[in-house]
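Before any comments, here is the structure.
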Amino acid sequence: MIRDIFKKVRAWLASLSFRTGIFVLGACALFYVISFAQMLLPISVAAKGVLWVIFFGLAKTAQYSALLILGKAGLESLRRKLKKA
């Protein structure tokens with residue numbers, strides 16, 4: 001049952017557009033920056049730890065989602081576009 005749910009989610013993510021994958025990759029980078037930049041805030045160590053776990057988890061989720069959206073062909077296309085620019 002759980003495998004069926006994962007397969008459906010994976011198929012749905014793979015059906016999204018290349019542009020959506022790029023936006024999700026951008027969100028991933030933003031979450032990584034926030035997860036470490038929040039260490040500069042003048043708040044308690046416990047709050048910093050909680051914020052780090054939340055934003056780092058969001059970054060990892062966005063990273064793997066972007067990989068499923070873009071797929072191997074999408075990543076090759078992205079590399080070619082970056083080399084041209």
Of the residues that sit in segment 41-79 and are more than 13 Å from the chain's Cα centre (by Cα), basic (Lys, Arg) and closer than 26 Å to Ala11 by Cβ, which one is most open to solvent (accessible area, probe 1.4 Å)?
-> Lys72
Kindly indicate which of Lys60, Lys72 is out of contact with any Ser or Thr (no Cβ under 8 Å at 6 or more places or on another chain), at pLDDT below 90 and among the basic types (Lys, Arg).
-> Lys72
Can you name the residue in segment 12-40 that is of a type in the set (Ser, Thr, Tyr) and modelled with pLDDT of 90 or more and is also surrounded by the most Cβ atoms within 10 Å (Cβ to Cβ) among such residues?
-> Ser35
Expected output for segment 57-81 (first residue touching a residue at least 40 places away in the same chain (Cβ under 8 Å), partner of a type in the set (Phe, Trp, Tyr) and open to solvent by 50 Å² or more (accessible area, probe 1.4 Å), Cβ below 9 Å, 6+ apart or cross-chain) is Ala66/Phe23; Ile69/Phe18; Leu70/Phe18; Gly74/Phe18; Ser77/Phe18; Leu78/Phe18
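The values are calculated or read from the model by the stated rules, or taken from the named source; none is laboratory data. Values in this document were obtained by computation on a predicted structure and should not be read as measured data. Reconstructed Cβ throughout: ideal geometry from the backbone, glycine too, with neighbour counts over all protein chains shown. Quick note on the areas: whole protein, heavy atoms, side chains included, nothing else; ligands and nucleic acids left out. Shrake-Rupley method; radii C 1.70, N 1.55, O 1.52, S 1.80 Å.
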